[in-house]
There are 2 protein chains.
Amino acid sequence: MRIYGAIEGGGTKFVCGLGTEDGTIRETVTIPTTTPEETMGKAMAYFADKGIEAIGIGTFGPIDVNVASATYGTVTSTPKPYWSGYDIVGHVKRELNVPVGFDTDVNAAALGELLWGAAQGLKSCLYLTVGTGIGAGAVAEGKLVHGLTHPEMGHILVRRHSEDQYAGGCPFHGDCLEGLASGPAIEARWGTKASELGEEHAAWRMQSYYIAQALVNYTLILSPERLILGGGVMHQSHLFPLIREQVQGLLNGYVLHPALHEDIHSYIVKPGLGDKAGISGALALAVKAAEA
Amino acid sequence: MRIYGAIEGGGTKFVCGLGTEDGTIRETVTIPTTTPEETMGKAMAYFADKGIEAIGIGTFGPIDVNVASATYGTVTSTPKPYWSGYDIVGHVKRELNVPVGFDTDVNAAALGELLWGAAQGLKSCLYLTVGTGIGAGAVAEGKLVHGLTHPEMGHILVRRHSEDQYAGGCPFHGDCLEGLASGPAIEARWGTKASELGEEHAAWRMQSYYIAQALVNYTLILSPERLILGGGVMHQSHLFPLIREQVQGLLNGYVLHPALHEDIHSYIVKPGLGDKAGISGALALAVKAAEA
């Protein structure tokens, strides 16, 4: 069976792994995110003797995913030191000389969930991660969504909750979705880490109001066949029923589809791949790159 | 040259036309929208002897656009009398026996603009109409966006303008985008028809705030390569610079792409097909249906 390489590039660590085209991850190693040269150097050393067919990279952004662009494959402008302008795809091609699939971490996860996870057999889905940051990727009509750039769904504008006194923590927009509903925003608002707030805390109803607004807008704009919610904050399983209830309240019966009514428990779901959605998504990018 | 049929189905009239695959509309006739039997009967009589290769229908919704569905091709649930459940595609196939393309009016317009209008040569665009209602269609990665159903982008949630006293006119959501920014909403808020408000009226800055919010969310979620704004309210050309300015203000430099900065005048634009975007879009659906 052919072996593919996968890299899940995050702000604190890069997870590198090997897998097969049925979605199985055979092994992973974790490399701390420092400078691109050091981090990618270690990653390339890991893959060098593995005989991989192709490699997929799902990474933090913003990145240039436009294959027609002169700067395709690079990190564009990140506040992260050293990484702005770094040519990830160029480096990997030179070192490994195999096809490279390249996309955002969340687009990769959406593709992984479509192939092997909670959206198997569908032609569309949306994967939202709520953690240190908020981001989402989507598949529509069987293809990952790109255009001018890749989506930046974590920064959409939402309505403030009437009881929310927190100004919002996004350096660009203050109280956009990420500014109000990321893990750090929850901690800044309530003075306690999200993971330490009890299930009955008022934080969760407010949180579900923000996430539900985002899901309503994603659904009205993209109409994905499944909404998959991952990331550290979504480990709070009690959020799911709250979110489903608020999505229905905000839609108020507008879109007549069973998925938004009696079947909403199987429409708004956890990742089928659990915390492996990211690395599996990178594997999915590798498999697609080999096919292309 | 082959001749294709096109139907732009609206709430007050159905425009039927003939065209060719270069996008030329050769002639049109207008039929008032009454009962489906009467309206579609007249439309079918018009096309009966025209020797068309295929027909495209872009219509008001909600409609079932899922080809795998038992009710594909029907109007689903509309407050419009007589039309709920009406099988448009079935009727046309029985009468004309040619391939039928079927989508929302706004998805059709987006495709028409991509093939022959303001988004020629691109792989993605979004077409927003602001008139009696608000709706949008989109092409992503070269394909019209569908999933669970078709998008319903006119009903996204927006933040209220701090000076807006109007409750909003959407029967489902009150103050969603359509509830706050459609032509009837403008008239209800200010007590004057939108077309009669002077260019300096405060209405327009408020209006541009709502439209800009929608465009920001569409851009962050879909990342279309061009935003095309049509419909009666957008005949107010002075809205365009106001909207562009507010889009930039709301994004606050977040997405680094020339289209959102120095080139925004060619990113947020009028329809290249003018008021023919709808019927041209239906023609585009016909051409695609013949190819399929």
Checklist entry - If you check B:HIS235 against the conditions, is it modelled with pLDDT under 95 and either open to solvent by less than 50 Å² (accessible area, probe 1.4 Å) or over 13 Å from the mean Cα position of the chain (by Cα) (or both)? => result no
Checklist entry - B:GLY147 passes all but one of (1) touching a residue at least 60 places away in the same chain (Cβ under 8 Å); (2) open to solvent by 10 Å² or more (accessible area, probe 1.4 Å); which number fails? => result (1)
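Quick check on this structure: which one of A:GLU21, A:GLU27, A:GLU38, A:GLU95 is part of a loop (DSSP other than H, G, I, E, B) and among the acidic types (Asp, Glu)? Even if it seems obvious, please write down each step before you answer.
On the way: A:GLU27 fails: part of a loop (DSSP other than H, G, I, E, B); A:GLU38 fails: part of a loop (DSSP other than H, G, I, E, B); A:GLU95 fails: part of a loop (DSSP other than H, G, I, E, B).
Unique residue meeting the criteria: A:GLU21.
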Checklist entry - If A:LEU222 satisfies every condition in (1) open to solvent by 10 Å² or more (accessible area, probe 1.4 Å); (2) within 11 Å of chain B (Cβ to nearest Cβ); (3) on the phi < 0 side of the Ramachandran plot but one, which is the exception? => result (1)
Next on the checklist: I want to confirm something. Restricting to the stretch B:61-73 and keeping residues that are surrounded by fewer than 21 Cβ atoms within 10 Å (Cβ to Cβ) and away from every other protein chain (no Cβ under 12 Å), which single residue is farthest from B:LEU285 (Cα to Cα)?
Outcome noted: B:ALA70
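Can you tell me which residue within the stretch B:216-275, out of those that are among the polar types (S, T, N, Q) and out of contact with any helix residue (DSSP H, G or I) (no Cβ under 8 Å at 6 or more places or on another chain), is nearest to A:VAL75 (Cα to Cα)? Break it down into steps so the answer makes sense when it comes.
Taking the stretch B:216-275 first, the residues among the polar types (S, T, N, Q) are B:217, B:219, B:223, B:236-237, B:246, B:248, B:252, B:266.
Next cut, out of contact with any helix residue (DSSP H, G or I) (no Cβ under 8 Å at 6 or more places or on another chain) only: B:223, B:237, B:252.
Details: B:SER223: 18, B:SER237: 38, B:ASN252: 20 Å.
In this case the residue turns out to be B:SER223.
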Next on the checklist: Cβ contacts < 9 Å: first residue not assigned by TED's automatic domain parsing to the domain that holds B:GLY281, restricted to the stretch B:21-32; second residue of a type in the set (Ser, Thr, Tyr), any location; separation 6+ or different chain. Result?
Outcome noted: none
Item to check | Test: residue in the stretch B:277-286 that is surrounded by 24 or more Cβ atoms within 10 Å (Cβ to Cβ), at pLDDT 95 or above and over 15 Å from the mean Cα position of the chain (by Cα) | outcome: yes
Checklist entry - Does B:GLY11 meet the test of being surrounded by 13 or more Cβ atoms within 10 Å (Cβ to Cβ) and either within 19 Å of B:GLY61 (Cα to Cα) or in contact with a Lys or Arg (Cβ under 6 Å, 6 or more places away or on another chain) (or both)? => result yes
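Looking only at the stretch B:119-135, which residues are among the small types (Gly, Ala, Ser) and at the interface with chain A (Cβ under 8 Å from one of its Cβ atoms)? Before you say what the answer is, go through the steps one by one.
First, the residues of the stretch B:119-135 that are among the small types (Gly, Ala, Ser): B:119, B:121, B:124, B:131, B:133, B:135.
Answer for the stretch B:119-135, where residues must be among the small types (Gly, Ala, Ser) and at the interface with chain A (Cβ under 8 Å from one of its Cβ atoms): just B:SER124.
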Item to check | Residues satisfying the stated conditions in the stretch B:190-205, i.e. open to solvent by 10 Å² or more (accessible area, probe 1.4 Å) and either among the hydrophobic types (A, V, I, L, M, F, W, C) or not assigned by TED's automatic domain parsing to the domain that holds B:VAL145 (or both) | outcome: B:TRP190, B:ALA194, B:LEU197, B:ALA202
Item to check | Residue under evaluation A:ALA282, criteria (1) in the same structural domain as A:TYR209 (by TED's automatic domain parsing); (2) assigned to a helix (DSSP H, G or I), criterion not met | outcome: (1)
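With within 14 Å of chain A (Cβ to nearest Cβ), within 21 Å of B:GLN120 (Cα to Cα), buried (at least 20 other Cβ atoms within 10 Å of the Cβ) and modelled with pLDDT of 95 or more as the only criterion, which of B:LEU251, B:LEU227 stands out?
Values: B:LEU251 fails: within 21 Å of B:GLN120 (Cα to Cα).
The unique qualifying residue is B:LEU227.
The values are calculated or read from the model by the stated rules, or taken from the named source; none is laboratory data. Remember, it's a predicted structure, so these values are computed and weren't measured experimentally. Cβ sites come from the backbone with ideal geometry, for glycine too, and all protein chains shown count toward neighbours. The protein model used for the area step is the full one, side chains on, heavy atoms only, and it has no ligands, DNA or RNA in it. Shrake-Rupley method; radii C 1.70, N 1.55, O 1.52, S 1.80 Å.
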